[in-house]
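Novice: My questions all concern the structure below.
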Amino acid sequence: MLANFSEIRNAARSVTGTCAVVPMGHDTASLEALLEASDSGLAGSIIVGSREEVIKSLAILERELPDNILVINCEDPTEAALKAVSLVSSGEGSMLMKGLLKTSIFQKAILDKDVGLRTGRVLSHVAVVHVPKQNRLVAITDGGMNIRPDKEQAIQIAENAAGIILKLGADRARIALLAAVEVVNEKMPETVLWDIIAREGIDGADVAGPLAVDGAMDAEAAALKNITGPVAGNANVLVTHDIACGNIFAKGFMYMTDTEAGGLIAGASAPVVMLSRSDTALTKLNSLALGAVVAGRK
């Protein structure tokens, strides 16, 4: 199991032929991330966007375009999104990254019935964070896509995150369904749902819930609470019951600690990187490295 993002970046460099395809990736924020990925030996890229705007952004960054970043000139965001997705679905690109276009246009292209990356699964955001205290990687989901998932959606969200953690070398996914308490309380609907899912189980993974964060992440806390089983104190997938909890939890790691993080949208036929302008350069690089590893490991 890869233990941190330094190891993920190293693993990404060993994956040959990685190519991120970026619709409307001509803005300085997107281009800076792609240049860093190129400089670091992580990935090449194809920008489907305005060639004129790429030239302007390069001038601002005081850079020239390296040989492994290509530009397909396209001025229309919808056309660019569909072209970028088709390049990934045809195998010319290994992962998709969102550039300067509306999320609705980006997601509609991903789900396009002709060229899209649909698999029939729920799309969900997975934030991978390094936990310094235990020096391990943990996947937190879903803080970016599904507002308040039902039972079947929650199971697929957990499975999506489990797939990523397995690609990072985990021997098994250990899924903690997070709540404030470890007992079922009718006034806390998530505890009822988590109890049902935990009792039914998730194929190919260990799952426990409801669990509070301490019981999921810390072996000593789990022992004090008499929580037993393979997930207790040893979870590597943390599932929250709504988008607010997932978003706050993941961003709390990113902006209130020194931990490294990266994120992907999972559930499509290829990794999807959807960066925010507020993401640090390192988070952007980590997300591209994460996508390279997930795309390159079967």
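The values are calculated or read from the model by the stated rules, or taken from the named source; none is laboratory data. These numbers were taken from a predicted model, which means no experiment stands behind them. Cβ placement follows ideal geometry from the backbone for every residue including glycine, while neighbour counts extend to all protein chains displayed.
Novice: For segment 227-255, which positions are over 16 Å from the mean Cα position of the chain (by Cα), closer than 20 Å to residue 208 by Cβ and not hydrophobic (A, V, I, L, M, F, W, C)?
Specialist: 228, 229, 230, 233, 234, 241, 242
Novice: Can you tell me which residue in segment 244-264 is nearest to residue 134 (Cα to Cα), limited to those that are among the aliphatic types (A, V, I, L, M) and surrounded by fewer than 18 Cβ atoms within 10 Å (Cβ to Cβ)? Quick ask: steps written out before the conclusion?
Specialist: Step one: filter segment 244-264 for residues among the aliphatic types (A, V, I, L, M), giving 244, 248, 250, 254, 256, 261, 264.
Restricting the remaining residues to those that are surrounded by fewer than 18 Cβ atoms within 10 Å (Cβ to Cβ) gives 244, 248, 256.
Values: 244: 25, 248: 21, 256: 17 Å.
Result: 256.
Residues are listed down the side, and each one gets a yes or a no for (1) polar (S, T, N, Q); (2) surrounded by fewer than 19 Cβ atoms within 10 Å (Cβ to Cβ):
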site	(1), (2)
64	no, yes
108	no, yes
124	yes, no
129	no, no
139	no, no
142	no, no
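Novice: Among the residues of segment 120-169 satisfying the criterion of being charged (D, E, K, R) and over 16 Å from the mean Cα position of the chain (by Cα), which is farthest from residue 107 (Cα to Cα)?
Specialist: Out of the qualifying residues, it is 133.
Novice: Given the residues 34, 100, which is the only one that is farther than 25 Å from residue 243 by Cβ and either among the hydrophobic types (A, V, I, L, M, F, W, C) or at pLDDT below 95 (or both)?
Specialist: Matching residue, one of 34, 100: 34.
Novice: Among (1) modelled with pLDDT of 95 or more; (2) within 19 Å of residue 265 (Cβ to Cβ); (3) surrounded by 20 or more Cβ atoms within 10 Å (Cβ to Cβ), where does residue 69 come up short?
Specialist: Against the list (1) modelled with pLDDT of 95 or more; (2) within 19 Å of residue 265 (Cβ to Cβ); (3) surrounded by 20 or more Cβ atoms within 10 Å (Cβ to Cβ), residue 69 comes up short only on (2).
Residues are listed down the side, and each one gets a yes or a no for (1) among the small types (Gly, Ala, Ser); (2) buried (at least 16 other Cβ atoms within 10 Å of the Cβ); (3) touching a Ser or Thr at 6+ places or on another chain (Cβ under 9 Å); (4) assigned by TED's automatic domain parsing to the domain that holds residue 12:
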residue: 146; (1), (2), (3), (4): no, yes, yes, no
residue: 158; (1), (2), (3), (4): yes, yes, yes, no
residue: 166; (1), (2), (3), (4): no, yes, no, no
residue: 170; (1), (2), (3), (4): yes, yes, no, no
residue: 182; (1), (2), (3), (4): no, yes, yes, no
residue: 185; (1), (2), (3), (4): no, no, yes, no
residue: 194; (1), (2), (3), (4): no, yes, no, no
